[in-house]
1. Rg and Dmax of segment 3-179 over Cα atoms: what are they, in angstrom?
2. Over segment 110-213, what is the mean sequence separation of C-alpha contacts under 8 Å (at least six apart), divided by residue count, expressed as relative contact order in percent?
3. How long is the gain from residue 291 to residue 135 if the chain were fully straight, where each residue apart is worth 0.36 nm and the alpha carbon distance is subtracted?
4. Where does helix 190-203 land angle-wise versus the long Cα axis of the chain, in degrees 0 to 90, nearest 10?
5. For labels at residue 93 and residue 45 in the simple 7 Å Cα→Cβ model, what's the distance in nm?
6. Roughly how many nanometres apart are two label points built 7 Å out from the Cα toward the Cβ at residue 221 and residue 155?
7. With everything on Cα atoms, drop me the angle between helix 70-92 and the longest principal axis of the chain, reported from 0 to 90° to the nearest 10.
8. For labels at residue 60 and residue 334 in the simple 7 Å Cα→Cβ model, what's the distance in nm?
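What follows is calculated from the coordinates using simple rules that are stated; it is not laboratory data. Values in this document were obtained by computation on a predicted structure and should not be read as measured data. Cβ sites come from the backbone with ideal geometry, for glycine too, and all protein chains shown count toward neighbours.
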């Protein structure tokens, strides 16, 4: 794991909200404590009014920070919290247990929100701030004892929280990977395809973006004649055909049942129609061979939708491909073979995709 990723929060949105709450609570506590037990001189004015003001500004700003900046902001919040506690304790000359315990809060925030490197930085900062307070305000022997106890508590809590967070993150990544892949064919799921289509249309390409929808012909007859396990094998065979014809940038998806989709970023309408024809030919040319040597002939129909290089809506692209697939299946039902080659481009006037 690289350092930049290790400093990022596990969940940017949750980290930002938690940081805002922590800043607001700390600001209120600092303000109330500063008024109730005022420190003398300019330091007291800073602790009582300036620090809470800065924290309230952070509480208002942090939730609006772009996700990519939440990691650095989260570290700023944790380090600001440590600096606030250190300054407050020194200004009020308070090294009591109640004052020292506040050093734990920024560390707990960092350990629960960011990964190992960020949490380690927060621990070092808190231990240093705490040591400055206790060795400044307490006898050396007592200061050493307090420093050892608190540092041990901080390190232990951080290790436990980070390890727990790592396990949870690995589990979430595993579940996400399982949700992103069809369990039978290992192709992408509809959710992944939707995101990829939106990204491809947003990125734009002078050749445009194409979507090929593939539907198995008479799939019910295959299941009824040979059984559902053979039907599953047929779907796996078709998925393999799609992989054999795919480019590295293509996205292959099983939409569900006997329906597949191939997203072709940076593809013209003519190229997409050619790919659709090759898919139809590849599946027809590779019958499924059963254990006893019997062959199950397979065929598919394919439809193509195309969006221009600088425009296109996901809903229109799906609709164009679906309409062309319907025409292809209709032609095949009538005994024709040109349906997969008669792809029409998607309309280019944008509309709300829904």
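1. For segment 3-179, the Cα radius of gyration and maximum Cα-Cα distance read 17.1, 61 Å.
2. Working: 47 pairs, mean separation 23.9, N = 104.
Computed over segment 110-213, the figure is 23 percent.
3. Working: separation 156, 0.36 × 156 = 56.16 nm, distance 8.00 nm.
Full extension of this stretch gives 48.2 nm more.
4. In the chain, helix 190-203 runs at an angle near 80 degrees to the longest axis.
5. Distance between label points: 2.1 nm.
6. The modelled label-to-label distance comes out at 7.4 nm.
7. The helix 70-92 is inclined about 10 degrees to the chain.
8. That separation, rounded to one decimal, is 6.8 nm.
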